[in-house]
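A quick write-up on the structure given underneath.
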Amino acid sequence: MNLKETLKGFKKNPDKIFFSTLFSVLTTLLFALYNGYLGLNYNYSFGLSIAIYYLCLLLARIVAILIERKIRKLSENDIENQRRKTYIGLSIFMFFIDICLLAPIILLITNPKETNFGLIPSIVFAVYTTYKITMAVINYNKVKKVDNLIFKYLRELSVVDAFVSILSLQNTLIMVNSGMTQSMFILSAISSFVIFFVIVAFSIVNMVKTIKNK
């Protein structure tokens, strides 16, 4: 098999999601650590809380990948049953960590704080958000054609990650530029809760729809 055929085979192989997920795990870990650094170094409560949230997303990805790799040695029926149980369990876990997203949102609204860490965090957050939105769109379309509940869960997690990155970017831009003025407070409160309810609704609707179809 020549190189061209090998690349074509890799392109058609659904397992390539493992590689994109591993890269996503790495970027999420670095982003969580960066938020933790901002939180500790600048007494930035939103940064600390969102870092913990990202670590939960990271844990969910790792568990999903490890289970998928482990169950591949089982029979076809057992694989489907394990994928279904894993999907339900991890979806419930994601629902609870989505609810926990209220903590950084409340901190964002009730404990506004102007920071002086410059434009670098804004650039980092903007790059991360752009990457996550791009990957969410790619993964959503790619996994849609694959009959694998764990891969579908990773797709949903990718979309949630993109929404949360938008929330983080919004808060960073407000704090770095104009601070939490009255108009920014209203805008931040409304947009934050809109993003929160969209995330929760997305998680619930996808879980119910997927389980119903199966």
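Since every read-out is calculated from the coordinates, none of them should be taken as a lab result. Since we're looking at a predicted model, the values are computed, not measured. Don't worry about glycine lacking a Cβ; one is built from the backbone with ideal geometry, like all the others, and counts go over all protein chains shown.
Points to keep in mind about this one:
- Integer Hz, Karplus 6.51/-1.76/1.60 couplings in order for region 51-58, x for Gly and Pro: 5, 5, 4, 5, 5, 5, 4, 4
- Judged by the mean number of other Cβ atoms found within 10 Å, the most tightly packed of the peptides 165-172, 201-208, 82-89 leads the ranking 165-172, 82-89, 201-208.
- Dipole of region 16-213, positive direction: furthest Cα of 186, 103, 159, with charges on the beta-carbon: 159
- From phi via Karplus (6.51, -1.76, 1.60), per-residue ³J(HN,Hα) for region 184-199 in Hz, x at Gly/Pro: 5, 4, 5, 4, 5, 4, 5, 5, 5, 6, 4, 4, 4, 5, 5, 4
- Filter on 73/132; 152/209; 73/209; 70/132; 132/152; 70/152 - keep pairs with C-alpha separation over 20 Å: 73/132; 73/209; 70/132
- Charges were assigned to the Cβ only: +1 to each Lys and Arg, -1 to each Asp and Glu. The resulting dipole of region 16-213 about its Cα centre is roughly 720 debye.
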